[in-house]
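Written below as C-alpha cells is the structure these notes are about.
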Amino acid sequence: MQKTNRDVIVVGVALFAMFFGAGNLIFPPYMGLLAGVDWKWALLGFLITGIGMPLLGIMAAARAGGTVEHMGRRVSSWFGRILSIVIILAIGPLLAIPRTCATAFELGIRPSFPDFPIALFSAFFFGITLWFALNRSRVVDKIGKFLTPFLVITLAWIILKGIFTPLGTITGAELVGPTGRGFREGYQTMDALASLVFAQIIIAALVFKGYGNVREQVKMASMAGLIAAIGLGVVYGGLMYLGATASSAFTPEVERTDLLIAIAAGLLGSSGKIALGLAVSLACLTTAIGLTATVADFFSGLSKKYFDYRSIAIITVIFSGVFATVGVTTIVNVAYPLLVTVYPVAIALIILTLIGGPLAYRPVYIGAVTGALITSIPEALDIIGLPVGFIMNLVDMIPFATAGFAWIIPTALGAAIGLIAAKTGVGSAPKDAIHTYGNPDQPVNTHTGSNDPNDP
C-alpha cells in the first residue's frame with residue numbers, strides 16, 4: 001500500500017473516532033421515531049448537518065488556515081475571536097461536556113440502578129475526567145483505541161439484528177418537513193462546529209507525516225473526511241431506521257436515551273442493553289476528558305497563560321458537573337437556541353471559504369453572516385419564549401421557512417449585496433484568512449481571491 005493511501009486511512013479512522021461521540025447516538029433513533037415512514041427524508045437532512053457539513057468544515061478550515069479563528073477573521077478579527085470562543089464553549093462546558101456525563105448516566109447507570117443519584121455519579125464521572133485531564137495520561141488514548149471498535153461492534157450487532165428482525169412495523173407520522181427537522185436535529189451532534197476545531201488537529205497530524213503543502217493538506221483531509229463520513233453515515237442511517245421501526249411502540253414523548261435503551265433491550269435482551277450502556281459510558285468518559293483538555297488549552301492560550309491550564313480544567317469540570325445533573329433532555333433543550341443561532345453562520349462561512357475565488361471578499365462574508373443572523377436570532381429568541389411573534393411572522397414568509405431553512409435566502413442575498421459592494425470598490429479581499437498551516441499572517445492572493453499561496 002502506498003504511503004499516501006495508508007496515511008489517508010489512518011487519519012480517516014482517527015477522524016471517525018473523533019466525530020463518533022457517544023452522545024450523538026441518541027439523536028438518530030429519536031428522529032426516526034418522529035419521522036416514521038418518512039425516515040429516509042429525515043435521514044437526508046440529518047446527514048447534511050451531521051456528516052456533510054463536518055466534512056466540508058474540515059476542508060474549509062484547512063483551506064482557511066486550520067482554526068476557527070482563521071475562518072472567522074474573514075468577517076473581522078474580533079468576530080473570529082468571538083466565534084472561536086462560542087464554539088469552544090458549545091463543545092465544552094456549556095453543552096457537550098455536561099451531555100457526556102448525563103448520557104453516560106442515563107444509558108449506563110439508570111437502567112440498572114434507577115435510584116442512584118445523578119449528582120453522585122456526576123461527581124465521580126468528573127473526578128475521573130479531571131484526574132486524566134490534569135495528568136495528560138496516555139492511558140486514555142490507549143483505552144480509546146479499544147473503545148471505538150467495541151462500540152462500533154456493539155452498534156453493528158444491534159443494527160443488523162434490527163434489520164433482520166425489526167422491532168415493529170414502521171408507521172405513518174405527522175411530522176411536517178421531515179428533511180428540515182432532520183437537518184436541525186443534526187445540529188445537536190455539534191460535529192460541524194467541532195470540525196472547525198478538529199481541523200487543526202488533523203492538519204498538525206498531516207504536517208507531522210510530511211504533508212506541508214496546503215493543496216496536499218486539503219486533499220488529504222478531504223479524503224480522510226470521506227472515510228469518516230461513510231462510517232458515520234452507516235451508523236446514523238442504521239440507528240434512524242431502528243427508531244422508525246419503533247414508531248408503532250413509542251410516542252414522541254419518550255426520552256431519547258430511554259428509546260435507545262428500549263431498542264437495545266428489545267433486540268438483544270438485557271445483555272445488549274448492558275453492553276451498549278457500558279460502551280457508551282466509557283466512550284462518553286474519554287470524550288469528556290478530551291474536551292476538557294481542549295477547553296483548558298484554548299482558554300489558557302487565549303489568556304496568554306494568565307489563567308493556567310489546571311485552573312481552567314477545574315472550573316470546566318465543576319461547571320459541567322453541576323449542569324449535567326439536569327439531564328440529557330434539558331441540556332438538549334438548552335442547546336437548541338444556541339445551535340439554531342450559530343449553525344447557519346458556521347455553514348455560511350464553510351461554504352464561502354470552500355468556494356473562495358470570486359467570492360473571497362470581506363463584504364461578502366459580512367453580508368452572508370448578517371443575513372444568517374437576521375433570521376437565526378429571532379428563531380432562537382422565539383424558541384426560548386421571548387415575544388418576537390411579529391418578527392417571526394415576517395421570517396415565516398421567507399421561502400423555505402416552513403421546511404426549516406429560513407436563513408438560506410437572507411444569507412445568499414447578504415452575500416450578493418456584499419459582492420456588489422466589493423466589486424464597486426467598497427471592499428477588498430479578506431486579508432486575515434490564511435491557508436498555510438502555522439503562518440496566520442499570510443494574505444490571500446488579491447488577484448485571484450484565493451488564499452492558497454501556491455495559486456498564481
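The values are calculated or read from the model by the stated rules, or taken from the named source; none is laboratory data. Being a predicted model, the structure only gives us computed values, none of them experimental. Because the Cβ atoms are built from the backbone with ideal geometry, glycine has one as well, and the counts that use them run over all protein chains shown.
Considering every residue within the range 242-253, establish whether at least one is among the small types (Gly, Ala, Ser), under 16 Å from Leu25 (Cα atoms) and in a helix (DSSP H, G or I). Yes, there is a match, as at least one residue in the range 242-253 is among the small types (Gly, Ala, Ser), under 16 Å from Leu25 (Cα atoms) and in a helix (DSSP H, G or I). For first residues located in the range 121-134 and under 18 Å from Thr103 (Cβ atoms), partners that are assigned to a helix (DSSP H, G or I) and polar (S, T, N, Q) and lie 6+ apart or on another chain with Cβ distances below 7 Å form the pairs Phe126/Ser320; Thr129/Thr292.
Among the residues of this structure, Val254 does not count as one that is touching a residue at least 24 places away in the same chain (Cβ under 8 Å) and closer than 24 Å to Val10 by Cα.
Within the option set Ile263, Ile351, Ile355, being under 20 Å from Val86 (Cα atoms) and at pLDDT 85 or above holds for one residue only, Ile351.
If you check Ile398, Ile366 for being outside any helix (DSSP H, G or I) and either at pLDDT 85 or above or β-branched (Val, Ile, Thr) (or both), only one passes: Ile398. May I ask you to verify whether Val280 is surrounded by fewer than 19 Cβ atoms within 10 Å (Cβ to Cβ) and within 26 Å of Gly12 (Cβ to Cβ)? In short, no. Scanning the range 293-311 for residues that are surrounded by 21 or more Cβ atoms within 10 Å (Cβ to Cβ) and among the aliphatic types (A, V, I, L, M), we see that the one that is farthest from Ala380 (Cα to Cα) is Ala296. For the range 119-139, taking the residues that are small (Gly, Ala, Ser) and more than 25 Å from the chain's Cα centre (by Cα), the one that is modelled with the lowest pLDDT is identified as Ser137. The selection criterion, being assigned to a helix (DSSP H, G or I) and either surrounded by 17 or more Cβ atoms within 10 Å (Cβ to Cβ) or modelled with pLDDT under 90 (or both), holds for Pro378. Restricting attention to the range 176-193, and to residues there that are modelled with pLDDT of 80 or more and surrounded by fewer than 23 Cβ atoms within 10 Å (Cβ to Cβ), which single residue is nearest to Gly65 (Cα to Cα)? That would be Arg184. From the list Gly36, Gly23, the lone residue that is on the phi > 0 side of the Ramachandran plot and either of a type outside the set (Asp, Glu) or within 15 Å of the chain's Cα centre (by Cα) (or both) is Gly36. Of everything in the range 17-31 that is under 25 Å from Trp41 (Cβ atoms) and of a type in the set (A, V, I, L, M, F, W, C), the residue that is surrounded by the most Cβ atoms within 10 Å (Cβ to Cβ) is Met31. If I filter the range 327-345 for residues that are touching a residue at least 60 places away in the same chain (Cβ under 8 Å) and within 30 Å of Gly425 (Cβ to Cβ), do I get at least one hit? Yes, the range 327-345 contains at least one residue that is touching a residue at least 60 places away in the same chain (Cβ under 8 Å) and within 30 Å of Gly425 (Cβ to Cβ).
Contact map, the range 200-216: residues that are of a type in the set (Ser, Thr, Tyr) paired with residues that are crowded, with 18+ Cβ neighbours inside 10 Å and assigned to a loop (DSSP other than H, G, I, E, B), Cβ distance under 9 Å, separation 6+ or inter-chain. No pairs are found. Among the residues of the range 300-312, is any of a type in the set (Asp, Glu) and in a helix (DSSP H, G or I)? Within the range 300-312, none of the residues are of a type in the set (Asp, Glu) and in a helix (DSSP H, G or I).
Within the set Val197, Val214, the sole residue that is in contact with an Asp or Glu (Cβ under 9 Å, 6 or more places away or on another chain) and surrounded by 21 or more Cβ atoms within 10 Å (Cβ to Cβ) turns out to be Val214. For first residues located in the range 289-315 and without any contact (Cβ under 8 Å) to a residue 24 or more places away in the chain and farther than 22 Å from Met18 by Cα, partners that are assigned to a helix (DSSP H, G or I) and β-branched (Val, Ile, Thr) and lie 6+ apart or on another chain with Cβ distances below 6 Å form the pairs Ser300/Ile312.
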